[in-house]
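Novice: Pasting in a structure now, in structure tokens, and then I'll have a few things to ask.
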Amino acid sequence: MSRIVFSSPSTLPQLYSTSRRIVKMSVTQTMNSGVSFRSMAVKPPSHPTYDMKGVIKLALAEDAGDRGDVTCLATIPLDMEVEAHFLAKEDGIVAGISLAEMIFHEVDPSIKVEWSQKDGDHVQKGLQFGKVSGQAHNIVVAERVVLNFMQRMSGIATLTKTMADAAHPACILETRKTAPGLRLVDKWAVLIGGGRNHRMGLFDMVMIKDNHISIAGGIINAIKSVDQYLEQQNLQMEVEVETRTLEEVDEVLRYTSQTKSSLTRIMLDNMVVPLPNGDVDVSMLKDAVEMINGRFETEASGNVTLETVHKIGQTGVSYISSGALTHSVKALDISLKIDTELALKVGRRTKRA
């Protein structure tokens, strides 16, 4: 049964309770949000400038506009307290629990949230896996923003888990094909789903791609330029080069066998060839892996799907990268309901619970 409690009158701001202090956040810090990284099941990836609290504030302000929640203001007494439950409407991997707590805390630090699951756990259709209690107005104000993040993150985590299991023993990676402004959130969801993170952005890894090679006048010229730049700047970081043919792989191997280089990984791009019957030919990829013979990490890219990833993972590559993990993911259906009995009744009628 849902529970609605009337408490003594209190005064609430029209939009939501919030601190005006914005903090640039590093993942090694507690984010001034009531949630400590130490208590998280999976910590977010590192980023030197990403402002998680700013992203949360932007999402809330996008909803509130210049008037706040006019429906709440019109229908919900400011002194009403409620209890609402998180409900999974389909099977999947839940993600965004820690972020949800940050959002509720940003709206109203007095809101209490309890969970029966943690980030990365499997939830089944119809499962109530969390409870939030506090002032009704603030819970409803936070509801959609919380669910938008959780549904997207859970969709990413669910797909990542499926792909990671199929790719074994290779590790599955996402790419930079993330929602603008939500990169850290998307990549956090990949970690929750059991994947690994590729580079966060343009700043934390050298990745020599086809356009760099074309502009530099060839793959070896590009590698030489990177080696010189890193030495001049006294920088040490991972360096990856994209290869598209076995001839390019051989060219890279011959150069690095004769010259000291900062190269750490070779991308084997589009060496998975689709066949008319829907299968893929991985013989070129396998040949490239055998040529490299463990001298560098290897990464397969291109034509990576749920149907092909297992076969690719058996070729011996170190990593498999897939933009699909984040660029076109299907959100996992999750809701937050006060009247859970009615929600389940409707869900059964529509086959969603």
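Novice: Springs between alpha-carbon pairs under 10 angstrom, Gaussian network model over the chain: which of Pro44, Pro180, Pro276 fluctuates most?
Specialist: Top of the fluctuation ranking is Pro276.
Novice: From the backbone phi of the range 47-55, what are the Karplus-calculated ³J(HN,Hα) couplings (6.51 cos²θ - 1.76 cosθ + 1.60, θ = phi - 60°) in whole Hz, Gly and Pro given as x?
Specialist: 8, x, 10, 5, 9, 4, 5, x, 5
Novice: Oh, and also: Mind grabbing the base-10 log of I(q)/I(0) for the chain at q = 0.07 Å⁻¹? Debye formula, identical points on the C-alpha positions, no solvent, two decimal places.
Specialist: -0.39
Novice: Could you work out the relative contact order of the chain? I mean the mean sequence separation of Cα pairs under 8 Å and 6+ apart, divided by the number of residues, in percent.
Specialist: 20 percent
Novice: Whose amide H sits under 5 Å from the amide H of Asp281, counting only residues 5 or more places off or on another chain, with H placed in the peptide plane?
Specialist: For Asp281, the qualifying residues are Val273, Leu275.
Novice: Restricting things to alpha carbons, find the Rg to Rh ratio for the range 204-353 using the Kirkwood radius for Rh.
Specialist: Ratio of gyration radius to Kirkwood radius for the range 204-353: 1.20.
Novice: Right, something else. Where in the range 245-353 are there trypsin sites (Lys or Arg not before Pro) that are in a DSSP coil and have at most 12 other Cβ atoms within 10 angstrom of their Cβ?
Specialist: Sparse-neighbourhood loop trypsin sites (Lys or Arg not before Pro): Lys260, Lys351.
Novice: Could you compute how fast the range 114-269 diffuses translationally, taking Rh as the Kirkwood radius over C-alpha pairs and applying Stokes-Einstein at 37 °C with viscosity 0.692 mPa s? Give it in µm² per second.
Specialist: My calculation gives 174 µm²/s for D.
Novice: Going from the alpha-carbon gyration tensor of the range 57-108, what semi-axes, largest first and in whole Å, does one get by taking the root of 5 times each eigenvalue?
Specialist: After scaling each eigenvalue by five and taking roots: 24, 16, 12 Å.
Novice: Need one number: % antiparallel among DSSP beta bridges in the chain, to the nearest 5. Can you show the working numbers first?
Specialist: Values: 22 of 41 bridges.
Given both bridge residues lie in the chain, the antiparallel proportion sits at roughly 55 percent.
Novice: Suppose all protein chains stay in the model; what accessible area per residue would a 1.4 Å probe give for the range 65-122, in Å²?
Specialist: Per-residue value: 43 Å².
Novice: What stretch of the chain, leaving out the sites themselves, is the longest with no GluC sites (Glu not before Pro) in a DSSP loop having at most 15 other Cβ atoms within 10 Å?
Specialist: 1-237
Novice: List the residues, sorted by chain then number, that are 5 or more residues from Asn270 or on another chain and whose placed amide H is less than 5 Å from its amide H.
Specialist: Ser301, Gly302
Novice: Still on this structure, I have one more. Taking amide H positions as placed 1.01 Å from N in the peptide plane, with prolines and chain starts having none, which residues 5 or more places from Ile208, or on another chain, fall under 5 Å of its amide H?
Specialist: Glu240, Val241, Glu242
Novice: Also, quick follow-up: Within the chain, what whole-number % of the accessible surface is contributed by carbon and sulfur, with the 1.4 Å probe and all protein chains included in the calculation?
Specialist: Roughly 50 percent of what the probe reaches on the chain is carbon or sulfur.
The values are calculated or read from the model by the stated rules, or taken from the named source; none is laboratory data. What you are looking at is a predicted structure, and each value in this text was computed from that prediction instead of being measured. Reconstructed Cβ throughout: ideal geometry from the backbone, glycine too, with neighbour counts over all protein chains shown. Areas reflect the complete protein model, heavy atoms only, side chains present, ligands, DNA and RNA absent. Shrake-Rupley method; radii C 1.70, N 1.55, O 1.52, S 1.80 Å.
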